[in-house]
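The values are calculated or read from the model by the stated rules, or taken from the named source; none is laboratory data. Small disclaimer: the values here were computed from a predicted structure and weren't measured. Cβ placement follows ideal geometry from the backbone for every residue including glycine, while neighbour counts extend to all protein chains displayed. Keep in mind that these areas ignore ligands, DNA and RNA; they rest on the heavy atoms of the full protein, side chains included. Shrake-Rupley method; radii C 1.70, N 1.55, O 1.52, S 1.80 Å.
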Amino acid sequence: MVTRSDDPFASILSPPADENPQEKEARERAEAEARRVSETIDEQLRQERIALKKKKKPVQVLLLGQSESGKSATLKNFQLQYARHEWAEDRAAWRVVIFLNLIRNIIHALDVLLREMSLSDGDRGSPNLEYTSDSDWEPSSLTHVYRFTDKHRLLKLRLAPLRRVEADLEKRLGPGSQEVYSSVPTVPTGQDGKAGVRAREFGVISRDGWKSAFEKLRPAQEGDSRPEPVLKRREEENYDFTDILVGCREDMKNLWEDPVVQQILTHRKAHIEDSPGFFLNDIERIASSDYEPSDDDIIRARLRTVGVQEHKFVMEEGQGREWVMYDVGGTKSCRAVWASYFDDVDTIIFLSPISCFDEKLREDSRVNRLEDSYQLWRSVCASPMLAKTQIILFLNKCDLLHKKLKRGVRVRDSIPSFGDRKNDTPTVMKYFQSHFKEISKLVSPEPRPFFVHFTSVIDTKATAATLSVVEESILRTHLRNADLL
């Protein structure tokens, strides 16, 4: 048995032997205060533990799919339907992005025109042009003779300021990154041996995607903490590029509506209208000093984000539950990080653009885009980490598929297994759906339900109905995972 005299702490904790009444009172007061502080800290820790247990775990959704599959448009549709306040805050900032999209559309069409004019003048080399697609660099057919006039040469000069505006807008949105392209040479070379310049696409590098870029673009508001000279300079810059855009409006319309330009684009199969961020049919409305983006404009706007983007927002319906949506890069170089986001995710929305059955990957021109989607879908379904994870398939861009089939493009020319089936939209959609379903059935580690939706995510009304069903399904899965259902 340990006696008081044997306890090494006894002498330390015992009051001093010569302690007088005043010292004893002070010591007891100090001890009481120390106990009070300790008990307060303990109570705070207890309350924090209780609050942590009560706090609703955020709903986590992972958006997967190859580049330009519609992941960002799907995210924007979620915000439009369920986070209207945040959507309204970003509206003014999207104006600059839409201006950039329109300018890039115009420069695309202008460079195709200038290349054809150069070829008609006998220069078979590749001119130093900025924005073109793979199809634009196909050798010009000798059977197509175009009647160029001084009007076309004048448009080159009158639209030149837009190149400076494009560079300025990219700098303002930056830092940027150049798109990844195929290392396989697919572009024909000219007589000088130089390969044609490939298209590049500006992108924003940011953990939260366009959010950081938009902080620089938000208009001044009451209580804005930014210095007055910065706000004034920002207003002057916006006024300057808007004036240039408005001043070029008629020339932009003349270029896009010119019969010769339309002829060239048709012969080269350069379907600009099918590309993300297409606004050339809205020049009159957008190239205006008082232009305000509509909901549809924002959904259609293209701002490529580089890397993994994490978007948090509170659903204004459903008791204000927080949602976290991860939009991971879809290019081949970005896919290595996908698996690190599989853990603890409630649902994966996998997007496959089925209109791209006759297209090649931007970063590898040997690979068919639809076949690439099949392989990605196979790898996701086969992952043991996702054996119990809900996966929802969006077969996207059905509107572009319909337009492509109406133009007479045959699926079997690109997908031989399609065979002699009827080359109409319902048949093609059903065929692609059955293929994705079969892959899921064959490779999933354990049986899983097959959830599929045919979508055109730039169609906000149709997508709203789809998201209503999807949101309910995701919430049920989330509550089940949290043992609340």
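Would you please name the residue that is most open to solvent (accessible area, probe 1.4 Å), looking only at residues in the range 337-353 that are within 18 Å of residue 66 (Cβ to Cβ) and assigned to a helix (DSSP H, G or I)?
Taking the range 337-353 first, the residues within 18 Å of residue 66 (Cβ to Cβ) are 337-339, 341-342, 348-353.
Narrowing further to those that are assigned to a helix (DSSP H, G or I): 337-339, 341.
Details: 337: 62, 338: 12, 339: 46, 341: 47 Å².
Selected residue: 337.
Close Cβ contacts (under 6 Å, 6 or more residues apart or on different chains) running from residues in the range 431-459 that are over 23 Å from residue 69 (Cα atoms) to residues that are open to solvent by 30 Å² or more (accessible area, probe 1.4 Å) comprise 445/384.
Exactly one residue among 380, 409 is touching a residue at least 24 places away in the same chain (Cβ under 8 Å) and part of a helix (DSSP H, G or I), and that residue is 380.
Per the conditions (1) touching a helix residue (DSSP H, G or I) at 6+ places or on another chain (Cβ under 8 Å); (2) open to solvent by 20 Å² or more (accessible area, probe 1.4 Å), the sole criterion not satisfied by residue 417 is (1). Looking only at the range 66-84, residues that are open to solvent by 10 Å² or more (accessible area, probe 1.4 Å) and in contact with a Gly (Cβ under 9 Å, 6 or more places away or on another chain) come to 5 in all. Quick check on the range 454-477. Is at least one of its residues more than 25 Å from residue 276 (Cα to Cα) and open to solvent by less than 20 Å² (accessible area, probe 1.4 Å)? Yes, the range 454-477 contains at least one residue that is more than 25 Å from residue 276 (Cα to Cα) and open to solvent by less than 20 Å² (accessible area, probe 1.4 Å).
Return a yes/no flag: does the range 402-409 have any residue that is among the β-branched types (Val, Ile, Thr) and buried (at least 19 other Cβ atoms within 10 Å of the Cβ). First the steps, then the outcome.
In the first step, residues of the range 402-409 are kept if they are among the β-branched types (Val, Ile, Thr); the result is 409.
The next check asks that each one be buried (at least 19 other Cβ atoms within 10 Å of the Cβ); those that pass are none.
No, the conditions are met nowhere in the range 402-409.
Of the residues making up the range 310-336, those that are within 19 Å of the chain's Cα centre (by Cα) and modelled with pLDDT under 75 are 329, 330, 331, 332, 333, 334, 335, 336.
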